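Working notes, beginning with the structure itself.
The values are calculated or read from the model by the stated rules, or taken from the named source; none is laboratory data. As the structure is a computational prediction, the values presented were derived from the model and not from experiment. Cβ placement follows ideal geometry from the backbone for every residue including glycine, while neighbour counts extend to all protein chains displayed.
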Amino acid sequence: MEIDSIAVLGAGQMGNGIAQVAACAGYHVTMIDIEQSFVDRGMASIESSLSKLVSKERMSQADAAAALARVRGSIDRGDASDCDLVVEAIPEIPELKFSTFAELDSICKPETILASNTSSISIDEIAASTERPDRVIGMHFMNPVPIMKLVEIINGSKTSNEVNAAVVAAAERMGKTALSCNDSPGFVSNRILCPMLNEAILTLQEGVAEPEAIDGIMKLGMNHPIGPLALADLIGLDTLLHIMTVLHEGLGDDKYAPAPLLTQMVSEGNLGRKSGQGFYSYE
């Protein structure tokens, strides 16, 4: 099937990034959130990001203006009804995802593909909230969306080959490399990445080394572009804790148990960059 129009649910960091790359690929995009102020902030972020691309001569002013014109904001989920693809990028709360997909299922035309940008929640569980499990799929973009090349495509047990092919084609049109996997806790990316970040936190907790040393060793010794503790701060410690909990409960293995220091920091509101304080200070 051909995808011409896309709705993105959520105008936050991930949502506006997805809307931007879709618009730059020529898609007509409707970016939807629950409050106008959120939509306005998302539109401003897209405009700012496009301006930076123009200033770096990676895009012409005319192309940037055309891309921005292809994005419209809305606070009405009904505006997703006729779109060919809906990409959900709302908070990583299972019950919220399930209720949202049930609503989308009732709103959208039967052929609409419903994709989730979830980083850890089961695609089969999300699909079970709908009457179209064959048209539900994971479309996990990486942060920051305009820069990162990967989209992790997650097939549920009932996702059709046609839907997978259409979503892979859409991601590739956005300039991404789309790699597919099957539904499993944490998928591939976070099943491998997050335990490494958790282990770095345990290394700090046990007094093995200070944050700068832990990150420096991984950057200089393993050629990582960013250290694990700085990356945890960037992702958000609350998000990391959620993913580790999903892995621990879903795979039933204590090697995935969240580090006590991680749990403590989240309970204290030290969430990383988003709160101004994590393993490093950002204020």
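Screening VAL188 against (1) touching a residue at least 40 places away in the same chain (Cβ under 8 Å); (2) in contact with a Cys (Cβ under 7 Å, 6 or more places away or on another chain); (3) among the β-branched types (Val, Ile, Thr) leaves a single unmet condition, (1). Between a first residue in region 74-85 that is charged (D, E, K, R) and a second residue that is at pLDDT below 95, which pairs have beta carbons less than 9 Å apart while being 6 or more apart in sequence or on different chains? Every condition considered, the pairs that remain are ASP84/MET1; ASP84/GLU2.
Among residues of region 157-170 that are more than 11 Å from PRO133 (Cα to Cα) and outside the structural domain of LEU114 (by TED's automatic domain parsing), none has a beta-carbon under 7 Å from a residue that is basic (Lys, Arg) and part of a helix (DSSP H, G or I) at least six positions away or on a different chain.
I'd like to check something: does region 180-202 contain any residue that is in contact with a strand residue (DSSP E or B) (Cβ under 7 Å, 6 or more places away or on another chain) and part of a helix (DSSP H, G or I)? For region 180-202, residues in contact with a strand residue (DSSP E or B) (Cβ under 7 Å, 6 or more places away or on another chain) and part of a helix (DSSP H, G or I): present.
Contact map, region 235-256: first residue not assigned by TED's automatic domain parsing to the domain that holds SER119, second residue at pLDDT 95 or above and among the polar types (S, T, N, Q), Cβ cut-off under 7 Å, separation 6 or more or different chains; pairs are LEU237/ASN270; LEU241/THR263; ILE243/ASN190; MET244/ASN198. Which one is nearest to ILE192 (Cα to Cα), of the residues in region 258-279 that are without any contact (Cβ under 8 Å) to a residue 24 or more places away in the chain and buried (at least 16 other Cβ atoms within 10 Å of the Cβ)? So the residue we want is THR263.
When restricted to residues that are farther than 17 Å from ASN164 by Cα, part of a helix (DSSP H, G or I) and of a type outside the set (Asp, Glu), region 100-132 contains 6.
Every residue in region 121-138 that is of a type in the set (A, V, I, L, M) and under 19 Å from the mean Cα position of the chain (by Cα), please.
In the first step, residues of region 121-138 are kept if they are of a type in the set (A, V, I, L, M); the result is 121, 123, 126-128, 136-137.
ILE121, ILE123, ILE126, ALA127, VAL136, ILE137, listed by residue number.
The condition of being under 20 Å from the mean Cα position of the chain (by Cα), touching a residue at least 40 places away in the same chain (Cβ under 8 Å) and under 25 Å from ASN161 (Cβ atoms) does not hold for VAL71. Among the residues of region 122-144, the ones that are within 18 Å of MET14 (Cα to Cα), of a type in the set (A, V, I, L, M, F, W, C) and buried (at least 20 other Cβ atoms within 10 Å of the Cβ) come to 3 in all. Every listed requirement among (1) hydrophobic (A, V, I, L, M, F, W, C); (2) assigned to a helix (DSSP H, G or I); (3) assigned by TED's automatic domain parsing to the domain that holds PRO228 is met by VAL208 save one, (2). Answer with yes or no whether GLY175 is under 26 Å from ASN155 (Cα atoms) and surrounded by fewer than 21 Cβ atoms within 10 Å (Cβ to Cβ). Yes: the conditions hold for GLY175.
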